[in-house]
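*Asks:* Starting off with a structure, shown below.
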Amino acid sequence: MGELSGKTILVGVTGGIAAYKTPNLVSMLVQQGADVHVLLTENAKNIIPPVPFEALTGNRCLTSPFERSDPPVIHHIALAKKADLVIIAPASADVIGKCANGIADDMLTSTILACQCPVYFAPAMNDRMYVNSIVQENMEKLRRHGWHQIDPVSGHLACGTDGLGKMPDPKELYQYVRRELAFPHDLAGMKVLVTAGATQEAIDPVRYITNHSSGRMGYAVAEAAMLRGAEVTLVSGQTALAPPPFVERVPVVSAEDMFREVTARAPGMDFVIKAAAVADYTPEETADHKIKKADGEMAIRLRRTKDILAFLGEHKPAGQLLCGFSMETENLIENSRGKLFRKNLDMIAANSLKTPGAGFQGETNVLTLITRDAEIPLPLMSKFEAAGKLLDTLLAMRKERNN
């Protein structure tokens, strides 16, 4: 069972050289459980034959709406009725122009114009063709009619030049399908602010104070919220992770940086989820030059950083839900519940470094979700799954308050 199980996806392939990439996209969709039907134009068959697609999908590639079958089927209408999403990759200037002007003269265009599901198109062509005003006008027309454009990237093109017109990697194309279909959009219309990663407090230009946070939990929360339809802002400290797609990432370094960026954005948010590991102390002074090693001991005077979570709790607007995280090594529930009340939180996600599978760096976590009225212990699960449970709880709290 993949995240696209039960979904029917139509993949249109046109006569661009980038068609050689499309089998990889089709393979990803099939591996996630989708029922995939590939529609080739006649020109596309000059680039890649139907056989690889048929082998990957188990479905016949159709190129003409007049192909006969037993029993008789109007193929383009039958496919259009059951499609959950259409993606044209690559989308040539020719097919873009046809669809923009309602021309349906082959299986691909006839099927697409009968579809009432979301349609994504990934233009791929020579850079001079792409910037042509007629092509741009046709793409703008499709967007105006509700089609979703996946912008090309710059790179080395088949004609030997470098420019804009290259189809994105299939992994990136898959993310558009995933965002559209993989999860219910129960957070649509909501704004979510997530913090993640570790802050760094400079001692001198070379050294700093930090912690072991990988940022994985916060990044998982941001990704899960995005996939459920939220508009997500991720304020991120230092991490080696690639940011989730379709998320606004705001990079920060120090605790002061994070305080400034978070407090500026928090008032307009529905959920604020503070998963970052923010330094509690910072050096009183930062040396302008590298501190040289000397005989004897060395001491660094520290001062408290601003408490971001307490500030957010004190200035929380009506209707906003504020969730913090608590990493403990003892008295997990008692210490976390105390933090919940002191900082005026709606929920706190507590975990212990001493619990196997929980804590920093790893792919899994063991959380206890603590509200003012309840404690919800979660078993060992992936951080992405734990993020989903956290969002479920916040959403339930929001619905209960609004009833």
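The values are calculated or read from the model by the stated rules, or taken from the named source; none is laboratory data. Because the structure is predicted, anything quoted here is derived from the model rather than measured. Glycine gets a Cβ as well: all are built from the backbone with ideal geometry, and neighbour counts include every protein chain shown. Quick note on the areas: whole protein, heavy atoms, side chains included, nothing else; ligands and nucleic acids left out. Shrake-Rupley method; radii C 1.70, N 1.55, O 1.52, S 1.80 Å.
*Asks:* For ALA44, indicate whether it is within 29 Å of the chain's Cα centre (by Cα) and either open to solvent by less than 20 Å² (accessible area, probe 1.4 Å) or within 15 Å of ALA19 (Cα to Cα) (or both).
*Replies:* So ALA44 does not fit the description; no.
*Asks:* Right, something else. Residue under question is GLU400, and the condition is that it be open to solvent by 70 Å² or more (accessible area, probe 1.4 Å) and either in contact (Cβ under 8 Å) with a residue 24 or more places away in the chain or in contact with a strand residue (DSSP E or B) (Cβ under 9 Å, 6 or more places away or on another chain) (or both); does it hold?
*Replies:* No; evaluated as a whole, the condition is false for this residue.
*Asks:* State all residues of segment 303-342 that are in contact with a Ser or Thr (Cβ under 7 Å, 6 or more places away or on another chain), within 14 Å of ILE273 (Cα to Cα) and open to solvent by 20 Å² or more (accessible area, probe 1.4 Å); if no residue qualifies, say none.
*Replies:* PHE311
*Asks:* What are the pairs, 6+ residues apart or on separate chains, where a residue within segment 325-350 that is at positive phi and without any contact (Cβ under 8 Å) to a residue 60 or more places away in the chain has its Cβ under 8 Å from a residue that is of a type outside the set (Gly, Ala, Ser) and part of a strand (DSSP E or B)?
*Replies:* Close Cβ pairs (under 8 Å, with a partner that is of a type outside the set (Gly, Ala, Ser) and part of a strand (DSSP E or B)) amount to ASN344/LEU322.
*Asks:* Moving on to the next point. Kindly establish whether GLY189 is more than 30 Å from PRO283 (Cα to Cα) and touching a His at 6+ places or on another chain (Cβ under 9 Å).
*Replies:* Details: more than 30 Å from PRO283 (Cα to Cα): yes; touching a His at 6+ places or on another chain (Cβ under 9 Å): no.
So GLY189 does not fit the description; no.
*Asks:* Hey, any hits in segment 96-111 for a residue that's charged (D, E, K, R), free of Cβ contacts under 8 Å to residues at least 60 places away in the same chain, assigned to a helix (DSSP H, G or I) and open to solvent by 50 Å² or more (accessible area, probe 1.4 Å)? First the steps, then the outcome.
*Replies:* Start the filter on segment 96-111 by keeping residues that are charged (D, E, K, R), which leaves 98, 105-106.
Applying the additional criterion that residues be free of Cβ contacts under 8 Å to residues at least 60 places away in the same chain yields 98, 105.
Next, only the ones that are assigned to a helix (DSSP H, G or I) stay: 98.
Now drop any that are not open to solvent by 50 Å² or more (accessible area, probe 1.4 Å), which leaves none.
No, segment 96-111 has no match at all.
*Asks:* What number of residues within segment 358-397 are of a type in the set (Asp, Glu) and either closer than 17 Å to GLY197 by Cα or touching a residue at least 60 places away in the same chain (Cβ under 8 Å) (or both)?
*Replies:* Filtering segment 358-397 for residues of a type in the set (Asp, Glu) gives 363, 373, 375, 385, 392.
Still in the running and either closer than 17 Å to GLY197 by Cα or touching a residue at least 60 places away in the same chain (Cβ under 8 Å) (or both): 363.
Of the residues in segment 358-397, 1 are of a type in the set (Asp, Glu) and either closer than 17 Å to GLY197 by Cα or touching a residue at least 60 places away in the same chain (Cβ under 8 Å) (or both).
*Asks:* If you take the residues in segment 351-397 that are open to solvent by less than 30 Å² (accessible area, probe 1.4 Å), part of a helix (DSSP H, G or I) and not aliphatic (A, V, I, L, M), which one is farthest from LEU241 (Cα to Cα)?
*Replies:* If we take residues in segment 351-397 being open to solvent by less than 30 Å² (accessible area, probe 1.4 Å), part of a helix (DSSP H, G or I) and not aliphatic (A, V, I, L, M), then THR393 is farthest from LEU241 (Cα to Cα).
*Asks:* Can you report the number of residues in segment 123-176 which are closer than 16 Å to VAL86 by Cβ and of a type in the set (S, T, N, Q)?
*Replies:* Counting residues in segment 123-176 that are closer than 16 Å to VAL86 by Cβ and of a type in the set (S, T, N, Q) gives 1.
*Asks:* Only one of these conditions is not met by MET269: (1) touching a Pro at 6+ places or on another chain (Cβ under 8 Å); (2) open to solvent by less than 80 Å² (accessible area, probe 1.4 Å); (3) under 30 Å from VAL177 (Cβ atoms). Which number is it?
*Replies:* Condition (1) is where MET269 drops out.
*Asks:* So, in segment 235-266, exactly how many residues are outside any loop (DSSP other than H, G, I, E, B), among the aliphatic types (A, V, I, L, M) and open to solvent by less than 40 Å² (accessible area, probe 1.4 Å)? So that I can check it myself, show each step before the final result.
*Replies:* Our first condition is that a residue be outside any loop (DSSP other than H, G, I, E, B); within segment 235-266, this holds for 235-236, 238, 248-251, 255-266.
Then drop every residue that is not among the aliphatic types (A, V, I, L, M), which leaves 235, 250, 255, 258, 262, 264, 266.
Filter once more, so that each one left must be open to solvent by less than 40 Å² (accessible area, probe 1.4 Å): 235, 250, 255, 258, 262, 266.
The number of residues fulfilling the criteria is 6.
*Asks:* Considering only residues that are assigned to a helix (DSSP H, G or I) and under 23 Å from GLN116 (Cβ atoms), look in segment 132-173 and name the one that is most open to solvent (accessible area, probe 1.4 Å).
*Replies:* Initially, segment 132-173 is screened for residues assigned to a helix (DSSP H, G or I), giving 133-144, 170-173.
Remaining after also requiring under 23 Å from GLN116 (Cβ atoms): 138-144, 173.
Working: ASN138: 25, MET139: 0, GLU140: 77, LYS141: 59, LEU142: 7, ARG143: 100, ARG144: 146, LEU173: 2 Å².
Only one residue tops the list, namely ARG144.
*Asks:* Next question, about the same structure. Restricting the search to segment 192-212, which residues are in a loop (DSSP other than H, G, I, E, B) and surrounded by fewer than 24 Cβ atoms within 10 Å (Cβ to Cβ)? Talk me through it step by step, then tell me what you get.
*Replies:* Here is the first cut: in segment 192-212, the ones in a loop (DSSP other than H, G, I, E, B) are 197, 199-200, 203-207, 210-212.
Residues satisfying the conditions are GLN200, ILE203, ASP204, PRO205, VAL206, ARG207, THR210, ASN211, HIS212.
*Asks:* Of all residues in segment 296-343, how many are among the hydrophobic types (A, V, I, L, M, F, W, C) and in contact with a strand residue (DSSP E or B) (Cβ under 8 Å, 6 or more places away or on another chain)?
*Replies:* 13
*Asks:* Which of the residues spanning segment 272-299 are open to solvent by 70 Å² or more (accessible area, probe 1.4 Å) and in contact (Cβ under 8 Å) with a residue 12 or more places away in the chain? Working first, answer last.
*Replies:* Initially, segment 272-299 is screened for residues open to solvent by 70 Å² or more (accessible area, probe 1.4 Å), giving 280-281, 284-286, 288-290, 292-295, 297-299.
ASP280, TYR281, GLU284, GLU285, THR286, ASP288, HIS289, LYS290, listed by residue number.
*Asks:* Restricting attention to segment 1-35, and to residues there that are crowded, with 24+ Cβ neighbours inside 10 Å and in contact with a Ser or Thr (Cβ under 6 Å, 6 or more places away or on another chain), which single residue is modelled with the lowest pLDDT?
*Replies:* Among them, the one singled out is GLY16.
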